[in-house]
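The values are calculated or read from the model by the stated rules, or taken from the named source; none is laboratory data. Fair warning: this is a prediction, and the values are worked out from it, not measured in the lab. Cβ atoms come from the backbone with ideal geometry, glycine included; neighbour counts cover every protein chain shown. Ligands, DNA and RNA are excluded from the accessible area calculation, which covers all protein heavy atoms including side chains. Shrake-Rupley method; radii C 1.70, N 1.55, O 1.52, S 1.80 Å.
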Amino acid sequence: METTQKDELSSFLSVLPPVDFCCVYGSTLHPNNQDKSKMVDYILGVSDPIKWHSANLKMNSDHYASWMVHLGGARLITNVADKVGVGVHFNPFVNWNDRKLKYGVVRMHDLVQDILDWKRFYLSGRLQKPVHMLVDNLDIEDVNSVNKRAAISAALLLLPSKFTEEDLYAKICSLSYMGDLRMFFAEDTNKVNKIVKGQFDLFQSMYKPFLEECETKNLLRFSSAEASHTKLVQDSSLSATRSLVSSLPASVRSQMGKSLGEKKFVSETGINSDLSDPIAGNGFIIIDF
């Protein structure tokens, strides 16, 4: 991202209370995107959402839905995000400097936990796709390396033995949409392919170190190099599978183990108790063997 564009995006933070983390995502990151009519999407991480929203209500009450402001203020805003939503409060219709903005506010502790354990698999899924960090006081970029490594492992477990580099990024991108009804109704069902094709270079630079790591461990190899159609072959042996599974969050491994145990029980007894699929924690990732 060019310095002028970064400065322009960062300037919005000057009208908000201080944050510990900020990233932008979406079409803003597309190369050569000069369309200022496109919405700019922000994720803001703060230590105490109630205090932050209290301060922001004094500075920018027009960013919030009026019923939230009048009925409960900062405490209601935070409680709704925590108990009804995914821990993130969004102000979706903000106009600033002739730009349309949307920003989500999350507690830093919740952000880190979701990155590491995929409990809600919302922000962790977002950070598996290209973002540009504007503020990173607590080194979330480093913490997110665990998330990206897990994303590659999950994608490889879901892919066949031979696939293209574009297939890999599409699978990573699709992880956070699995089980999301928006992909069948409200959202463009071709969204994943559009994201990958529009940001292929960003995906490539984002995951290059992890692909090299997998190659060093002999988990995969590049069979040919041809732009986005670079072909890869992965080791499908049991030892390779175990290595990939070991990179997944503990909660995902636990769900997989539970489901595999249930399947063994069904196969041995013939009793089908209508148990769930091996879903990682929240219904977004389905990993089966």
Taking helices (runs of 4 or more DSSP H) that do not extend beyond the stretch 51-127, which have at least 3 residues that are among the charged types (D, E, K, R), in contact (Cβ under 8 Å) with a residue 12 or more places away in the chain and open to solvent by less than 70 Å² (accessible area, probe 1.4 Å)? 108-117
Considering only residues of the stretch 12-24 that are open to solvent by 40 Å² or more (accessible area, probe 1.4 Å) and in a helix (DSSP H, G or I), which is nearest to ASN60 (Cα to Cα)? VAL15
Checked against (1) at pLDDT below 95; (2) on the phi < 0 side of the Ramachandran plot, ASP98 satisfies every condition except (2)
Unmet requirement for THR164, which otherwise passes all of (1) touching a residue at least 40 places away in the same chain (Cβ under 8 Å); (2) within 16 Å of LEU219 (Cα to Cα); (3) surrounded by fewer than 16 Cβ atoms within 10 Å (Cβ to Cβ); (4) not basic (Lys, Arg): (3)
